[in-house]
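Structure record follows, encoded as structure tokens.
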Amino acid sequence: MIEFNNLNPEIPYQILKEKYDEALNAGQRGIEAISISSYNKDISEVDSRYVNLKFISNDEFIFFSNYDSPKASAFNSHDQIAALVYWSSINVQIRMKAKIKRKTNEYSQNYFFNRSEEKNALAISSNQSKPIDSYSQVKENYNRSLESDDLKKCPEYWGGYSFVPYYFEFWEGHESRINKREVFDMIDDVWKQSFLQP
Ligand SMILES: Cc1cc2nc3c(=O)[nH]c(=O)nc-3n(C[C@H](O)[C@H](O)[C@H](O)COP(=O)(O)O)c2cc1C
């Protein structure tokens, strides 16, 4: 589930919420999963991964991750990303483009403090995406963290990311194949609405 707080009244946000409610009512599983594509300028490589979108607060999309991970390196080298969801229960794809930045330490600490200790132990004990000898070593590191770390204190290598889309495309599949593609592009601080051919 995504938590919506004080949602931005502009049209693309309202369409997003409408589609979210429809997908949820249609039984969409994993509705908070969102693919984030990044470009790491230093190694000239594009990559994608899913994250769990936790909040949409006004116009900000917020998720949490490791600040030493490959995605963090990519965001540091190039702050523009593409985000993507597909809600199969209603056959809707939403494409977004945005600039990404970190949330403040205070924000991340507050979120971390209120999370389950089990989740926090994993965030603390995992050098995300670094190789390790075995899966049992991962479990050992996790159990050690559960027993001995301060599970309320957010480590400096973990926290929130937020992005505010400047581009939305809502793709709606129709049985007729005459699929609908509606775009909202932020140009000079105004949403420019248009349609694309399927
Ligand atoms: C549905 C789903 C949700 C995920 N949510 C998160 C998340 O919220 N934060 C995160 O760091 N990784 C999450 N992951 C794991 C990432 O996809 C990825 O494996 C990890 O962040 C390492 O990515 P990187 O090597 O590109 O930095 C999720 C994976 C899936 C399949």
Practice problem: Considering only the range 41-61, state which residues are surrounded by 15 or more Cβ atoms within 10 Å (Cβ to Cβ) and more than 10 Å from the ligand (Cβ to nearest atom). | Solution: PHE55, ILE56, SER57, ASP59, GLU60, PHE61
Quiz item: Which of (1) within 16 Å of the ligand (Cβ to nearest atom); (2) surrounded by 18 or more Cβ atoms within 10 Å (Cβ to Cβ) does SER145 not meet, given it meets every other one?
Solution: (1)
Quiz item: Inside the range 105-114, can you point out the residues that are assigned to a helix (DSSP H, G or I) and either open to solvent by 80 Å² or more (accessible area, probe 1.4 Å) or among the β-branched types (Val, Ile, Thr) (or both)?
Solution: ASN105, GLU106, ASN110, PHE113
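Per-residue answers, yes or no, for (1) closer than 27 Å to GLN14 by Cα; (2) open to solvent by less than 40 Å² (accessible area, probe 1.4 Å); (3) out of contact with any helix residue (DSSP H, G or I) (no Cβ under 6 Å at 6 or more places or on another chain):
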site: MET96; (1), (2), (3): yes, yes, yes
site: LYS99; (1), (2), (3): yes, no, yes
site: LYS103; (1), (2), (3): yes, yes, yes
site: SER116; (1), (2), (3): no, no, yes
site: LYS119; (1), (2), (3): no, no, yes
site: SER126; (1), (2), (3): no, no, yes
site: TYR135; (1), (2), (3): no, no, yes
site: TYR161; (1), (2), (3): yes, yes, yes
Quiz item: Would a scan of the range 175-187 turn up a residue that is open to solvent by 50 Å² or more (accessible area, probe 1.4 Å) and either under 23 Å from PHE63 (Cα atoms) or in contact with a Ser or Thr (Cβ under 9 Å, 6 or more places away or on another chain) (or both)?
Solution: yes
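One line per residue, one yes/no per condition, for (1) in contact with a Gly (Cβ under 8 Å, 6 or more places away or on another chain); (2) of a type outside the set (Asp, Glu); (3) closer than 20 Å to PHE168 by Cα:
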residue	(1), (2), (3)
GLU10	no, no, yes
GLY30	no, yes, no
ILE34	no, yes, yes
ASN58	no, yes, yes
ILE62	yes, yes, yes
PRO70	no, yes, no
GLU118	no, no, no
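The values are calculated or read from the model by the stated rules, or taken from the named source; none is laboratory data. All values derive from a computational prediction rather than experimental measurement. Glycine gets a Cβ as well: all are built from the backbone with ideal geometry, and neighbour counts include every protein chain shown. Ligands, DNA and RNA are excluded from the accessible area calculation, which covers all protein heavy atoms including side chains. Shrake-Rupley method; radii C 1.70, N 1.55, O 1.52, S 1.80 Å.
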